[in-house]
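What follows is a short report on a single structure.
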Amino acid sequence: VQLQAYGGGLVQAGGSLRLSCARCGGTISLLDMAWFRQAPGREREFVAATRWGGIGTYYSDSVKGRFIISRDDAKNTIYLQMNSLKPEDTAVYYCATKPRGTTVVRTPPSYVDWGQGTQVTVSS
C-alpha cells in the first residue's frame, strides 16, 4: 500500500493549488487522513484532517478559511484545495493516514503511513 501525493508547484501569492493524495492498493473508507507540511528548518506541522466516513474536517488556524480538505472514498483519494496562498504556505506537503479513531489527531507520530511529499512554493 502506498500513498502518492501530487499537485504541488510554484504559484504567486493569492493564487490557488489543489493537492491530491491517492492510496494505492487499499481503501481509505475506514481511515483518518491528514495533510501536514514542513518548511525548511521547521518541524512538520498539521494542516488539515478528514476523519473516516467524512464525519468531520479539521484545520489549523493558519489555513482555516483558505484551505479545504475533502475525500472521495470511491477513488481512495483525498484532496487539499488551497486558496489565497501566502508565501508562508511554502513547504513540502505530506499526506498521511491512521486507523480510524474517536477524535481528530493533529500530531505526526500518530499517523502510520506517509506519502512522499509534494513541494508547494508561493512567491510574493
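Put a dot 7 Å past the Cα of Ser29, heading toward its Cβ, do the same for Ser123, and the two dots end up 4.5 nm apart.
Report for the chain the percent antiparallel among DSSP-assigned beta bridges with both residues inside it, nearest 5. It would help to have the intermediate numbers written out before the result.
Details: 38 of 42 bridges.
Percentage antiparallel, nearest 5: 90.
Ranked from highest to lowest mean number of other Cβ atoms within 10 Å per residue, what is the order of the peptides 112-118, 32-38, 102-108? All intermediate terms of the calculation are to be shown ahead of the outcome.
Details: 112-118: 16.3, 32-38: 23.6, 102-108: 12.7.
Descending mean neighbour count gives 32-38, 112-118, 102-108.
Distance between the pseudo-spin-label points of Gln2 and Thr107 (7 Å out from Cα toward the beta carbon): 3.1 nm. Accessible surface of the chain, 1.4 Å probe: 50 percent of it comes from carbon and sulfur atoms.
Provide the FRET efficiency to the nearest 0.05 for the Gln81-Ala39 pair, computing r from the beta carbons and using R0 = 22 Å.
Values: r = 20 Å, r/R0 = 0.91.
Efficiency computed from Cβ-Cβ geometry: 0.65.
What the phi angles of segment 110-124 give under the Karplus curve with 6.51, -1.76 and 1.60, with θ = phi - 60°, is a coupling list of 6, 8, 9, 10, 10, x, 7, x, 9, 7, 10, 10, 10, 8, 8 Hz, glycine and proline written as x. Which of Gln116, Val47, Pro99 sits farthest toward the positive end of the charge dipole of the chain, with +1 on the Cβ of Lys and Arg and -1 on the Cβ of Asp and Glu? With unit charges placed on the Cβ atoms, the residue in question is Pro99. Partners of Lys86 within straight-line reach, counting lysines whose Cα lies under 17 Å from its Cα and excluding those fewer than 8 residues away in the same chain: Lys64.
Hey, what does the equivalent ellipsoid look like for segment 13-124, semi-axes from the Cα gyration tensor as sqrt of 5 times each eigenvalue, largest first, whole Å? All intermediate terms of the calculation are to be shown ahead of the outcome.
Working: eigenvalues 100, 40, 34 Å².
For segment 13-124, the semi-axes come out at 22, 14, 13 Å.
When each of the peptides 79-92, 48-61 is scored by the mean number of other C-beta atoms lying within 10 Å of its residues, the order from highest to lowest reads 79-92, 48-61. Computed with a 1.4 Å probe over protein heavy atoms only, the accessible surface of the chain comes to 49 Å² per residue.
The values are calculated or read from the model by the stated rules, or taken from the named source; none is laboratory data. These numbers come from a predicted model, not from an experiment. With ideal geometry, Cβ positions are generated from the backbone for all residues, glycine too; neighbour counts draw on all protein chains shown. For accessibility, only protein heavy atoms count, side chains too; no ligands or nucleic acids. Shrake-Rupley method; radii C 1.70, N 1.55, O 1.52, S 1.80 Å.
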